[in-house]
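Structure first, then comments.
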Amino acid sequence: MDWVLVLASLLAIYIAISIYILKTGRFSDHVTFWGPVMMIRTSRVGFFDLFKPLSRFLRAYGTFGVAMVILASIGMALMVILSFQLTLTNIDQQAGSLAPQAVLLIPGLNPFIPSTVAVWIAFFVTLLVHECGHGILCRIENIKVKSAGLLYAVIPIGAFVEPDEEDVEKTTGMPKARMYGAGITNNIVLGAICILLFVALMGMAVPTNAPVVYGIYQDGPADRADLPTPSLITEVNGIGVATPADVAAVLNTTSPGDTLDLVLENDGTETAYTLTLDPWPESLTPQTGPRESGYMGIYYYQPEIVTSTAESILSVPGLLLFIAIPLAHLYNPVLGQHLMILTSPTPDVQFFAVPFPFFWEVIHLLFWLAWININVGIFNALPMLPLDGGLILKEGLERVLEPRGLKRYAETIISVVTWGFFAIIATTIWIMVFYHP
């Protein structure tokens, strides 16, 4: 179904429900509206008080979190500015490179985020741990919590904890910063834990070494013979094969124009195919030079791409690749096709031996828990209002400027920073989605 139709259907349902609630007054104790956003709230928030016996530990945790948020805030600010600079520098390549629905962070509509059970669970857990962080640190710092709930605008777009405004105003310095930074801290810590579990579990998956036909080059012998993908080569010219090296050994005895008899297994059924081999294209032998053997026009499944990517995630370059995995197919289709196994159900799971049932479901859940939590955490660290990073920056500015009698300028400074980053982000999105030179 077209993404516009899906979005229009969801919007129509949301509007109908909103009109019904506003006209009838039903659920008015628990449902209010903030512009077009529906707020579903409860005043039963005693849960947050359960953590008060851990006050000393949670204050230390919150202080560590503030330091982490400051570092993330600096990093995100630099990343946003650098991305804007690169977009302007390569404006011809970047212009219109994203579809409009890519801006909508709605699983299933956004082309980079599939609508799977793992994604939706991760989405809700991310919201929950973020707002629970704020609620718990409110009570640790003796700030009353009036209510908590969810925010809806067609789909759930967030959760909230509503602290007592007077208590928040009376709280200053590190206690307030700890409360603001707790949500980001929870997201990043949970994301880091999920990454460690993800890497550990992926180390238990044993990839196949079999000659799996994973892709076919256009207009080559395999393309003309309609070889199915993915499929397993079991025989070449009557000789049983178990690895790509076995296939290569037979192929090295052939010449362009020879026929090659293959037996392929696909969906449990073996089928024979006959190919007429071509000369090797020069584009595929730039370093080795001309090859005398025949050319089939296939490429094999390379499980080492998956395993090496998983192993590298604990390094800085690997972490950056991890964040980019859902977008990998944009800059490398083969890499993106291989790495899809880490994000959603694909036929590639048959090429790994795994240690327990539902292994890949656990992997997908851990991936999206890590990916969404880390991205939500670092985005919220941006030094702009109303994000948590902006609130911490505002509090820091007020504490620094107040002794010098300059506190009144804090609001102006944070407003300028906020509008500056908003302009940079909005311009970058506009170029990548709507601009056409």
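The values are calculated or read from the model by the stated rules, or taken from the named source; none is laboratory data. Note that the coordinates shown come from a computational prediction; the quantities given were computed from them, not determined experimentally. FYI the Cβ positions are ideal-geometry reconstructions off the backbone, even for glycines, and counts take in every protein chain you see. Accessible surface areas use protein heavy atoms only, side chains included; no ligands, DNA or RNA. Shrake-Rupley method; radii C 1.70, N 1.55, O 1.52, S 1.80 Å.
Overview of values
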| quantity | calculated |
| --- | --- |
| GNM flexibility winner over the chain from I341, I17, I193 (Cα, springs under 10 Å) | I17 |
| Per residue, the convex hull volume that the Cα atoms of the stretch 218-353 enclose (Å³) | 139 Å³ |
| Charge dipole (the chain, unit charges on Cβ, about Cα centre) - positive-most of L86, V416, V334 | V416 |
| Eligible lysines near K52 by straight Cα distance, threshold 26 Å, same-chain separation 8 or greater | K144, K146, K170, K176 |
| Stretch gain in nm, segment E361-Y409, where the contour uses 0.36 nm per residue and the Cα spacing is subtracted | 12.1 nm |
| For q = 0.22 Å⁻¹, Debye-computed log10 I/I(0) when each Cα of the stretch 179-269 counts as one equal scatterer | -1.13 |
| Calculated over the chain: convex hull of Cα atoms, volume per residue (Å³) | 201 Å³ |
| Cα-centre dipole for the chain with unit charges at Cβ (Lys and Arg positive, Asp and Glu negative), debye to 20 | 2600 debye |
| Share of carbon and sulfur in the accessible heavy-atom surface of the chain [1.4 Å probe, %] | 65 percent |
| Cα gyration tensor shape for the stretch 366-437, rounded if a/c is under 1.5, else prolate or oblate | oblate |
| Amide proton proximity set for I298, modelled H, under 5 Å, gap of 5+ | Y217 |
| Extension gain from E270 to D226, taking 0.36 nm per residue of separation minus the Cα-Cα distance | 14.4 nm |
| Extreme residue, positive dipole direction of the chain, given options T274, G173, G183 (C-beta unit charges) | G173 |
| Cβ-placed point charges (K, R +1; D, E -1), dipole of the stretch 249-383 about Cα centre in debye, nearest 20 | 580 debye |
| Charge dipole magnitude, Cβ of K and R +1, D and E -1 - the stretch 318-437, Cα centre, debye nearest 20 | 380 debye |
| Within the chain, helix-based [θ] at 222 nm, where runs of 4 or more DSSP H residues each add -39,500 (n - 2.57), nearest 500 | -17000 deg cm²/dmol |
| Probe 1.4 Å, protein heavy atoms only - accessible area per residue of the stretch 212-255 in square angstrom | 46 Å² |
